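The values are calculated or read from the model by the stated rules, or taken from the named source; none is laboratory data. The structure displayed is predicted, hence computed values, not measured ones. Using ideal geometry, Cβ is built from the backbone for each residue, glycine included, and neighbour counts are taken over all protein chains shown. Ligands, DNA and RNA are stripped out before the accessible areas are found, and what is left, the full protein with its side chains, is counted by its heavy atoms. Shrake-Rupley method; radii C 1.70, N 1.55, O 1.52, S 1.80 Å.
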Amino acid sequence: MRILVTGKNGQLGKSIQKIINEQGNSPRSNNEQQVNDFLFVGREELDLSSENNINYYFNNNDKFDIIINCAACTQVDKAEKETELANQINHLAVKQLASIASKQKAKLIHISTDYVFDGDSNKPYLETDKPNPINVYGKTKLAGEKALQEIMPTNAMIIRTSWVYSEYGNNFVKTMLNLGKERDELNVVSDQIGSPTYATDLAGAILEIIDNKDKKQSTEIYHYSNEGEISWYDFAKEIFELVDIRCAVKPITTQQYPTPARRPKNTLMNKAKIAKTFSVGISDWKESLNTCITILKEQ
Ligand SMILES: NC(=O)c1ccc[n+]([C@@H]2O[C@H](COP(=O)([O-])OP(=O)(O)OC[C@H]3O[C@@H](n4cnc5c(N)ncnc54)[C@H](OP(=O)(O)O)[C@@H]3O)[C@@H](O)[C@H]2O)c1
């Protein structure tokens, strides 16, 4: 199978590449001994910021069997000002990818976000709960989800994830490690609740889903993150504990830390559907954080 992965330089794109490389440079085989041929592309090869570029790329490449869209405009605060760009990448490009996938009869696996919710719920969000995004990033990601579902009522899947971190790029874990080395004390928001996601775990889940062959025809939404219910403050404290950084962490409220984009308060997601449908294992957040920090320490 020819599998295209967009966003090759992002956290998730790199994590998928890491797993594929660890499995050996030979093409990956699935349970039915079918050879999978992965092609990873970044904006140099497939720039999602223009319709023409996207068409040009697909007109000049052979058809794919699966497209995994890991690319996105993920800078939540920047998106408040760069609305048009966020809408292009998170919505219009997804719509175009869905049209192309549909024509090619390729399966489209698209990644979305917990930020499609307003965060006002007091229980973990189900896939059937009504989205109500409160910032531009969430609104554009939801528009992407809707466009995809409309164009591809079958043969696609949307995986919503949250608080992604990894060895790669910029993320909360790496920011805390850097700040913790420079400062004696840090204020971290304690009234936003969610679950972190180690990008390698999500990458592994996506590859398992491909290997296990999604027999479902209808396009479905799934939620995926690590297990656990924490605040950014809890997250920071655990990061410092694991690396033995003596930086005092002080809890503050969202109000005390104003940002251009509003953040939802509680975006815990219920992961039962993905776990049951694909027998995907979901690790505890502390276990996965430990794995990532061990790798970071070795670098
Ligand atoms: N990060 C999170 O906390 C989080 C939370 C919830 C959901 N998600 C979702 O999870 C998915 C993966 O996120 P991630 O953390 O891996 O994101 P990431 O590290 O920010 O990677 C996103 C990738 O998209 C690429 N991209 C941006 N604009 C592009 C363009 N015009 N053309 C082609 N590629 C472009 C970026 O390329 P460059 O490297 O060249 O900039 C980057 O490599 C995304 O769908 C995101 O919305 C992320």
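Being in contact with a helix residue (DSSP H, G or I) (Cβ under 9 Å, 6 or more places away or on another chain) and within 10 Å of the ligand (Cβ to nearest atom) is the filter here, so list the residues in segment 1-16 that pass it. Those that are in contact with a helix residue (DSSP H, G or I) (Cβ under 9 Å, 6 or more places away or on another chain) and within 10 Å of the ligand (Cβ to nearest atom): 6, 7, 8, 10, 11, 12, 13, 14, 15, 16. Within segment 254-266, identify whether any single residue is within 12 Å of the ligand (Cβ to nearest atom), modelled with pLDDT of 95 or more, surrounded by fewer than 22 Cβ atoms within 10 Å (Cβ to Cβ) and not in a strand (DSSP E or B), and answer yes or no. Yes; the residues of segment 254-266 include at least one that is within 12 Å of the ligand (Cβ to nearest atom), modelled with pLDDT of 95 or more, surrounded by fewer than 22 Cβ atoms within 10 Å (Cβ to Cβ) and not in a strand (DSSP E or B).
For every residue, the table says whether it meets (1) closer than 16 Å to residue 146 by Cβ; (2) within 8 Å of the ligand (Cβ to nearest atom); (3) in contact with a strand residue (DSSP E or B) (Cβ under 8 Å, 6 or more places away or on another chain).
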{"site": "71", "(1), (2), (3)": "no, yes, yes"}
{"site": "76", "(1), (2), (3)": "no, no, no"}
{"site": "86", "(1), (2), (3)": "yes, no, no"}
{"site": "92", "(1), (2), (3)": "yes, no, no"}
{"site": "103", "(1), (2), (3)": "no, no, no"}
{"site": "114", "(1), (2), (3)": "no, yes, yes"}
{"site": "128", "(1), (2), (3)": "yes, no, no"}
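One line per residue, one yes/no per condition, for (1) within 26 Å of residue 8 (Cα to Cα); (2) touching a Lys or Arg at 6+ places or on another chain (Cβ under 9 Å):
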| residue | (1), (2) |
| --- | --- |
| 180 | no, yes |
| 183 | no, no |
| 186 | no, yes |
| 207 | yes, yes |
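None of 278, 235, 240 is touching a residue at least 60 places away in the same chain (Cβ under 8 Å) and in contact with a Cys (Cβ under 7 Å, 6 or more places away or on another chain) except 240. In the set 238, 220, 227, only one residue is open to solvent by less than 40 Å² (accessible area, probe 1.4 Å), away from the ligand (no atom under 16 Å from the Cβ) and at pLDDT 95 or above; that residue is 238.
Going by what's in this entry, would residue 136 be described as open to solvent by less than 50 Å² (accessible area, probe 1.4 Å), β-branched (Val, Ile, Thr), more than 9 Å from the ligand (Cβ to nearest atom) and more than 17 Å from residue 220 (Cβ to Cβ)?
Numbers: open to solvent by less than 50 Å² (accessible area, probe 1.4 Å): yes; β-branched (Val, Ile, Thr): yes; more than 9 Å from the ligand (Cβ to nearest atom): yes; more than 17 Å from residue 220 (Cβ to Cβ): yes.
Criteria met by residue 136.
Condition check for residue 249 on (1) buried (at least 21 other Cβ atoms within 10 Å of the Cβ); (2) under 18 Å from the mean Cα position of the chain (by Cα): one failure, at (2).
Does segment 67-88 hold any residues that are more than 22 Å from residue 264 (Cα to Cα) and surrounded by 22 or more Cβ atoms within 10 Å (Cβ to Cβ), and which are they? If the condition is that a residue be more than 22 Å from residue 264 (Cα to Cα) and surrounded by 22 or more Cβ atoms within 10 Å (Cβ to Cβ), then 67, 68, 69, 70, 71 are the ones that fit.
Scanning segment 89-106 for residues that are of a type outside the set (A, V, I, L, M), under 18 Å from the mean Cα position of the chain (by Cα) and open to solvent by less than 30 Å² (accessible area, probe 1.4 Å) yields a single hit, 90. Residues in segment 39-64 that are within 9 Å of the ligand (Cβ to nearest atom) and polar (S, T, N, Q) were compared, and the one that is farthest from residue 88 (Cα to Cα) is 53. Would you pick out the residues in segment 116-126 that are in contact (Cβ under 8 Å) with a residue 60 or more places away in the chain and within 12 Å of the ligand (Cβ to nearest atom)? Passing the criteria: only 117.
Can you find a residue that is within 18 Å of the chain's Cα centre (by Cα), within 13 Å of the ligand (Cβ to nearest atom), open to solvent by 30 Å² or more (accessible area, probe 1.4 Å) and within 18 Å of residue 116 (Cα to Cα) anywhere in segment 152-164? Yes, segment 152-164 contains at least one residue that is within 18 Å of the chain's Cα centre (by Cα), within 13 Å of the ligand (Cβ to nearest atom), open to solvent by 30 Å² or more (accessible area, probe 1.4 Å) and within 18 Å of residue 116 (Cα to Cα).
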